[in-house]
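The values are calculated or read from the model by the stated rules, or taken from the named source; none is laboratory data. Because the structure is a prediction, the values reported are computed rather than measured. No Cβ is skipped: glycine too gets one built from the backbone with ideal geometry, and neighbour counts run over all protein chains shown. Calculation scope for accessible area: heavy atoms of the full protein, side chains included, ligands and nucleic acids excluded. Shrake-Rupley method; radii C 1.70, N 1.55, O 1.52, S 1.80 Å.
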Amino acid sequence: MEYVKTISKWEMWEVALEGPIEGNPFMEQHIRGTFCGKYEKVTSDGFYDGEGKYRIRFMPSFTGKYSFILKCSFLEEEMTGDFWVKEAKLGNHGPVRVANVFHFAYEDKKPFYPVGTTCYVWHLQTDNLIQETLKQLKEAGFNKLRFCILPKHMYYNTREPRSYPYVGKPMDSSVLTDENIREYTGAIEGNKWDFTRFQPEYFKHIEKCLEALQELEMEADLIVMHPYDRWGFSSMTRKQDELYWNYIIARFSAYRNVWWALANEYDFMKAKTTEDWERYAELLCKKDPYNHLRSIHNAGSFYDHSRPWITHCSIQKQEIYKTAEYTDEWRKHYNKPVVLDEISYEGNLPYSWGNITGEEMVRRFWEAVCRGGYAGHGETFENPEEVLWWSHGGRLRGESWTRIKFLHKILSETPGYGLVPLSGGGECATAVSEMDKACGTLNYIIHYYSFLQPAWQKYDMDGNTKYQIEVIDTWNMTITDMGTYCGKFKIILPGKKYIAVRMKNVELDFGRGDD
């Protein structure tokens, strides 16, 4: 056995064993481990990693001494051992969980305010482009990245990926035409795969990307299945799907920054039924011992987000012009966090999903957070290299990302775990901290005026509470202190779009920031 004797809390620990290479180890051999500490007992499956290596992974949630027992199909006797777990390293706050029904926090209770972006197949690009993406992600300040485990085929995505998840070979891509480029779903004739044999190097590369995102303190929202496919990965049989699900759960679940998105645009995957999705969800709940966040994303019709296995709503826009405005309704209906993972992309493509302005992207973010939810960024600008952020990563060309980073700073100063909508707040979107909502107080309030542009506003507040009033220009990223007010008062505003007014009880400290 190969394993380290000491590890930090919430890090991925693994033990490696030598085993048989004959036959098909992916199908014929099995390994399982049980890990016991003072406060937890976890059982998880291992996997075959090629070249006679078998691995099993574990993420400890507590400090202290742990013991383990391994059972392998190729060994008559059990293997045992122990190791020690130290306190978590600086910057490691554990997995993200749902907090107070509608929000998120790390396992150590630090609030997590999702400001995510999408780069569907950034990990399947060249090494240089991957490094450029990571550098841009660090600068942009996003804290969640949605991407596919499997290759993607769509407009601007007709090149072959750097590698493939299965043994075999793809169709001859020279036969691609304008017509079959638009056939997103299913396989184009000519692929030859053995769906019982994985390519371990493909998944090892994804693990390097997961670790690189951990270094940036970013969550990896892994899209397990999707319809945009010319290789046949979206139309495997249920048995083949289950082998795939078991393999990726065994490989990835011990990484603390993993979220599971069962599908991107599940309703475009015509070969799958609700029974299939429920079966995959059942496997995930059974086999992922760490209970990572789980969602399923729509194209048109919603999946039933009230299903108990779904931890949060992952939503695509419902109308060209409106989606963020429905956030508070979806919160009430599903009683779960709402994440608008796709509200159209900032860009200039000839498709409605890929050509909104930076101003509109930022407006939708602010509407979402002031209605108690969260939004996701994406960018689709045409360029000669055909490297679009939404799919390949690279560098950001738009204007919204800096404003979204500014919004995250505002969110990080919110008391508690996030904002909740305040009914009766007037014609604009008005939010208070979830702590205020729980206590029936009004200590922290944000009025967001969106595309409205009032020159002034009157407010009727508690005559006993003094508020520091700030005018926030959400586009120019400025915060102007307007002074302290109490009771009924009038505030002069810039008379332009995308303005917010923040009110803070002067007797309370709201200076947490990103600490």
(message) Applying a 10 Å radius around every beta-carbon, put 267-274, 12-19 in order of their mean neighbour count, most first.
(response) 12-19, 267-274
(request) For segment 116-167, state what percent of all Cα-Cα pairs lands in each successive 10 Å bin, counting from 0 Å until the bin that includes the largest distance. (result) 23, 52, 23, 2
(message) What lysines does LYS458 reach when the alpha-carbon gap must be under 24 Å and sequence neighbours fewer than 8 apart in one chain are set aside?
(response) LYS437, LYS466, LYS488, LYS490, LYS496, LYS497, LYS504
(request) Using just the helices of the chain, give the 222 nm mean residue ellipticity in deg cm²/dmol: DSSP H runs with n ≥ 4 each add -39,500 (n - 2.57), and the total is spread over all residues, rounded to 500. (result) -6500 deg cm²/dmol
(request) Quote the charge dipole size of segment 335-436 about the Cα centre in Debye, to the nearest 20; the model charges only the Cβ of Lys and Arg (+1) and of Asp and Glu (-1). (result) 240 debye
(message) Highest mean first, how do 98-105, 480-487 rank when packing is the count of other Cβ atoms within 10 Å averaged over residues?
(response) 98-105, 480-487
(message) Can you give me the % of accessible surface on the chain that is carbon or sulfur? Probe 1.4 Å, all protein chains present, nothing else counted.
(response) 49 percent
(request) Among [x] 1.00; [y] 1.08; [z] 1.04, find the value of Rg/Rh (Cα atoms, Kirkwood Rh) that was calculated from the structure presented, and write down its label. (result) [x]
(request) Could you do me a favour and compute the accessible area per residue for the chain, 1.4 Å probe, result in Å²? (result) 42 Å²
(message) Charges on Cβ only, +1 for Lys and Arg, -1 for Asp and Glu, centred on the Cα centroid of the chain; of ILE188, TYR290, TYR164, which one is farthest towards the dipole's positive end?
(response) TYR290
(request) Would you mind getting me the FRET efficiency between LYS169 and GLU217? Use the beta-carbon distance for r and R0 = 25 Å, nearest 0.05. (result) 0.05
(message) Let's see if you can work this out: charge +1 on each Lys and Arg Cβ, -1 on each Asp and Glu Cβ, no other charges. What is the dipole magnitude of the chain about its Cα centre, in debye to the nearest 20?
(response) 1080 debye
(request) Beyond 19 Å, what share of the Cα-Cα pairs of segment 223-348 is found? Please give it as a whole percent. (result) 50 percent
(request) Of the options THR34, ILE56, LEU17, report the single residue whose Cα projects farthest towards the positive end of the charge dipole of segment 1-60 (beta-carbon charges: Lys, Arg +1; Asp, Glu -1). (result) THR34
(request) At 7 Å along the Cα-to-beta-carbon direction for both ASP462 and LYS5, put a label point, then send me their distance in nm to one decimal. (result) 5.8 nm
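Which whole number in µm²/s is D for segment 421-479 by Stokes-Einstein, with the Kirkwood Rh taken over Cα pairs at 25 °C and 0.890 mPa s?
190 µm²/s
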(request) Using only the alpha carbons of segment 32-185, determine the length spanned along each of the three principal axes and report them from longest to shortest in whole angstroms. (result) 60, 46, 31
(message) Along the Cα→Cβ direction, 7 angstrom out, place labels at LYS405 and GLU207. What is the inter-label distance in nm?
(response) 3.2 nm
(request) May I ask which of LYS144/LYS332; LYS135/LYS336; LYS38/LYS332 have a Cα-Cα span longer than 31 Å here? (result) LYS135/LYS336; LYS38/LYS332
(request) Quote the charge dipole size of segment 212-251 about the Cα centre in Debye, to the nearest 20; the model charges only the Cβ of Lys and Arg (+1) and of Asp and Glu (-1). (result) 380 debye
(message) Taking 8 Å as the Cα distance limit and 6 or more residues as the minimum spacing, I'd like the relative contact order of the chain as a percentage.
(response) 12 percent
(message) Please compute the modelled spin-label separation between GLU189 and GLU507, points set 7 Å along Cα→Cβ, answer in nm with one decimal.
(response) 7.8 nm
(request) Using DSSP, restrict attention to beta bridges with both residues in the chain and report what percent are antiparallel, rounded to the nearest 5. (result) 70 percent
(message) Place a point 7 Å from Cα of SER412 in the direction of its Cβ. Which residues in segment 93-131 have their backbone N less than 13 Å from it?
(response) 111-115
(message) Using only the alpha-carbon atoms, what does segment 154-282 span along each of its principal axes? Please give whole angstrom values in decreasing order.
(response) 41, 33, 27
(request) Give me D for segment 204-256 in µm² s⁻¹, whole number, from Stokes-Einstein with Rh from the Kirkwood sum over alpha-carbon pairs, 10 °C and 1.306 mPa s. (result) 126 µm²/s
(request) Please list the equivalent ellipsoid semi-axes of segment 95-203, computed as the square roots of five times the alpha-carbon gyration tensor eigenvalues, in descending order and whole angstrom. (result) 34, 17, 15
(request) Subtract the Cα-Cα distance of GLU385 and GLU28 from 0.36 nm times their separation in residues, and report this length gain in nm to one decimal. (result) 124.0 nm
(request) Identify, among MET225, ASN246, TRP277, the residue whose Cα sits farthest towards the positive end of the charge dipole of segment 204-345, taking +1 on the Cβ of Lys and Arg and -1 on the Cβ of Asp and Glu, with the dipole about the Cα centre. (result) ASN246
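Which entries of LYS89/LYS109; LYS65/LYS86; LYS322/LYS409; LYS239/LYS286 have Cα-Cα distances beyond 19 Å here?
LYS322/LYS409
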(request) Using all C-alpha to C-alpha distances in segment 66-109, build P(r) with 5 Å bins and read off the rounded percent in each one. (result) 5, 16, 14, 11, 11, 12, 12, 11, 5, 2
(request) Between beta-carbons, use under 14 Å as the cut-off and find the net charge around ILE21, counting Lys and Arg +1, Asp and Glu -1. (result) -3
(request) May I have the extent of the alpha carbons of segment 389-439 along their three principal axes, as whole Å values ordered from largest to smallest? (result) 45, 25, 18
(message) Just to compare against my own numbers: the Cα pair-distance distribution for segment 380-504, 10 Å bins, whole % per bin, please.
(response) 11, 38, 29, 13, 7, 2, 0
